[in-house]
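Visitor: Sharing a structure below in structure tokens format, with a few things to ask.
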Amino acid sequence: MPTDDPRFGKMFRCPNNRVELDLDRQERLRRISNLDAYHEKNFFNFQVDSPFLKQSESESLQSALALATQFADNPNGWLLLEGAYGCGKTHLAAAVGNARLQKGDLVLFITVPDLLDHLRSTFGPSSETGYDETFDRIRNAPILILDDLGAENASAWAQEKLFQLLNHRYSRRLATVITTNADLDTFDPRVHSRLLDNELVTRVKINARDYRTSTDIRNENDLIS
């Protein structure tokens with residue numbers, strides 16, 4: 001490239017070695033991402049139709065699927081997935097992460113209570129990594145998926161760490177996916193205000209019953225019949 005080109009001196013993947021076909025890289029990224037337990041979650045096996053769902057619930061799931069797919073195709077801003085337990089929030093969040101892993105992106109998936117426990121553990125004498133290094137890696141992840149925001153112990157320390165994390169990503173417009181079943185009005189006002197920024201955040205409210213409970217009922221009916 002000419003010296004005045006912004007791409008001059010930068011390294012690029014060979015076009016004959018497409019990232020979608022680099023399975024070794026995808027496997028390395030998956031180990032880093034914490035998505036191993038959710039490797040089977042994708043947009044194709046997200047169920048939006050079931051005889052146990054009302055039409056309004058099915059339509060809500062279809063809308064959520066479409067918005068999550070759009071975000072995965074172009075992960076700019078934040079995606080906020082709201083809904084009750086078992087409605088599919090985590091499935092969609094993991095599907096976004098898996099889709100971006102296939103594109104070669106670095107993704108970090110973590111539940112909020114585990115995140116805070118992880119940060120606390122860095123203060124222990126046996127910790128292999130320090131707090132600053134760990135927190136910096138999390139808050140600067142190219143794509144961060146925070147599962148179950150609001151399920152954490154709402155101590156002053158936890159609230160402050162979450163605000164610092166979210167404010168850092170908010171001010172830098174870093175791609176972030178958040179799932180929650182909590183009322184946003186119960187959040188720290190500073191976090192609440194950022195989650196309501198319509199210019200940055202795509203809010204997806206899923207109105208559907210617990211998929212796991214519906215599956216249990218269906219299995220019981222199959223056994224009875």
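The values are calculated or read from the model by the stated rules, or taken from the named source; none is laboratory data. Just so we're clear, the structure is a prediction, and the values are computed from it rather than from any experiment. Positions of Cβ are generated from backbone atoms using ideal geometry, with glycine treated the same way; all protein chains shown enter the neighbour counts. The area values use the complete protein model at the heavy-atom level, side chains included, leaving out ligands, DNA and RNA. Shrake-Rupley method; radii C 1.70, N 1.55, O 1.52, S 1.80 Å.
Visitor: Return the subset of K10/K103; K41/K161; K41/K103; K161/K205 for which the Cα-Cα distance in this structure is over 22 Å, preserving the input order. Please report the intermediate quantities before stating the final value.
Guide: Working: K10/K103 19 Å; K41/K161 29 Å; K41/K103 16 Å; K161/K205 26 Å.
As for pairs spanning more than 22 Å Cα to Cα, those are K41/K161; K161/K205.
Visitor: Something else about it: On a full-extension model of 0.36 nm per residue, what is the gain between N198 and R137, subtracting their alpha-carbon distance, rounded to one decimal in nm?
Guide: Working: separation 61, 0.36 × 61 = 21.96 nm, distance 2.67 nm.
Extending this stretch completely gives an extra 19.3 nm.
Visitor: Of all GluC sites (Glu not before Pro) in segment 95-165, which ones are in loop regions per DSSP and have a Cβ with at most 10 other Cβ atoms within 10 Å? Numbers along the way, then the final one.
Guide: On the way: sites: E128, E133, E152, E160; in loops: E128, E152.
Answer in residue order: E128.
Visitor: Quick one: pull the percent of accessible area on segment 68-197 belonging to carbon and sulfur, 1.4 Å probe, ligands and nucleic acids left out. The partial results should precede the final answer.
Guide: Details: 2620 of 5510 Å².
Carbon and sulfur atoms account for 47 percent of the accessible area of segment 68-197.
Visitor: Using a 10 Å cut-off on Cβ atoms, rank the peptides 80-87, 162-169 from the highest mean neighbour count down.
Guide: On the way: 80-87: 20.2, 162-169: 18.1.
Sorting 80-87, 162-169 by mean packing, highest first, produces 80-87, 162-169.
Visitor: Quick one: putting +1 on the C-beta of Lys and Arg, -1 on the C-beta of Asp and Glu, what dipole do you get for segment 36-144 around its Cα centre, in Debye to the nearest 20? Spell out each step's value before the answer.
Guide: Working: 8 positive and 14 negative charges, 30 e Å.
Here segment 36-144 has a charge dipole of around 140 debye.
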